[in-house]
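Only one structure is covered here, and it is reproduced in the block below.
Bear in mind that the values in this text are calculations on the coordinates, not laboratory data. All values reported here derive from a predicted model rather than from experimental measurement. Glycine gets a Cβ as well: all are built from the backbone with ideal geometry, and neighbour counts include every protein chain shown.
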Ligand code: MG
């Protein structure tokens, strides 16, 4: 009987925004940008784009109302848009956006028996899921956080992630600048910690004082026992957490580190569903879970976060590179949670990309302000379309 507007169209777009300094800082020895615009960090042997790349999703309802989504498109974004354009979009035409979680489950089921329960396929679902939730909120005139069980926070504490400067001295100076602007939590990146991971923690602690929270992202670089040895050396400087010590597949290693170290362990930016998280929670591998909205979408993010709460694990969401749509989704989801003490703040990306979205979302004085307005309260600004990358190459 419902005359509620149905989904009329689903479109995807690739955005590629130039940046002066690559993510994680200037190119190091042996690092160069290849013909496709990618570079490989020698510190962790992972590939990164030299631009800020993202995939946007626009879902339009029968009455013309638009919902926006965004997903992780930093490498091979055409893989994600092909899945959306060829598979996911056509399947959800005519669906009721109020069925957001049901739609996410239906899309997941399409390729499940073929073993596609991760990677690009689930990233594509995440972007569509965020757009469906945004559309749902806009059609109701309600912020998404109000549709997720209720709002607990309007401001979310933020930690500064990454100190993209070439030398340790410059990184410490940047942290002090940010401290003067009201930030009290800082994470640095082992992949670009050329002067030494322990030395960087020590110098940050000495420069910033005893009250700031310090964290290090170990970037999956170590065996379990190497990580345990390293974290013992970091422990005197009282890290708030250490992140991602072992390779992503190493479930036993993660559990071994979690059991041996006396510093809280944070994991999970690369996991997409409850099925990846559950075995780690069952082994009590970590104290802190870091779901990435660009990989999970809102439907899975909330299930992951609620499951973590049942295991007495905190959620400190990861924040990848985007123009701000999935960042806004992550803040809406985080604001609904009882177990979220803070959210990652990718200052080198977030602030410069705010000009590409219309939003009241801000990160100032150590806090994120949740965007106001219906849906996610965050839509692409016209300025972003100059950075549209043609599909199939570009
Ligand atoms: Mg990380």
Note: probe point = Cα of residue 36 + 7 Å toward Cβ; backbone nitrogen < 14 Å; residues of region 357-394 passing the test are 392-394
The helix 251-260 Cα axis meets the longest alpha-carbon principal axis of the chain at an angle in degrees, between 0 and 90 and rounded to 10, of 50 degrees
For residue 47 and residue 385, extending 7 Å from Cα along the Cα-Cβ vector and measuring point to point gives, in nm, a value of 3.1 nm
Placing each pseudo-label 7 Å from Cα in the direction of the beta carbon, residue 173 and residue 362 end up separated by a distance in nanometres of 2.8 nm
Among 163, 331, 281, the residue with the largest mean-square fluctuation in a Gaussian network model of the chain built from Cα contacts under 10 Å is 281
In degrees, nearest 10, the alpha-carbon axis of helix 197-208 is tilted away from the dominant principal axis of the alpha carbons of the chain by 90 degrees
Nearest 10, in degrees from 0 to 90: the angle of helix 119-140 to the longest Cα principal axis of the chain is 60 degrees
If the chain between residue 260 and residue 180 were fully extended at 0.36 nm per residue, the gain over the current Cα-Cα distance would be 25.2 nm
Length gained if residue 166 through residue 27 is fully extended, taking 0.36 nm per residue and subtracting the Cα-Cα distance, is 49.2 nm
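FRET efficiency for residue 112 and residue 66, Cβ-Cβ distance as r, R0 = 41 Å, nearest 0.05?
Numbers: r = 29 Å, r/R0 = 0.72.
Plugging the Cβ-Cβ distance into 1/(1 + (r/R0)^6) gives 0.90.
Run the helix sum for the chain: -39,500 (n - 2.57) per DSSP H stretch of 4+ residues, divided by residue count, reported at 222 nm to the nearest 500 deg cm²/dmol.
-10500 deg cm²/dmol
Residue 223 to residue 275: FRET efficiency via 1/(1 + (r/R0)^6), r the Cβ-Cβ distance, R0 22 Å, to the nearest 0.05? Don't jump to the answer; show the numbers that get you there.
On the way: r = 25 Å, r/R0 = 1.16.
The pair residue 223/residue 275 has a calculated efficiency of 0.30.
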One finds, for residue 247 and residue 287 with R0 = 22 angstrom and r their Cβ-Cβ distance, a FRET efficiency to the nearest 0.05 of 0.65
Quick note on 251, 304, ordering by fewest other C-beta atoms within 10 Å, gives 251, 304
Expressed in angstrom and rounded, the centroid-to-centroid distance over alpha carbons for region 325-394 and region 28-102 is 15 Å
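Can you give me the relative contact order of region 147-380 as a percent, contacts being Cα pairs under 8 Å and 6 or more apart? Each step should come with its number before you reach the end.
Details: 463 pairs, mean separation 49.9, N = 234.
That works out to 21 percent.
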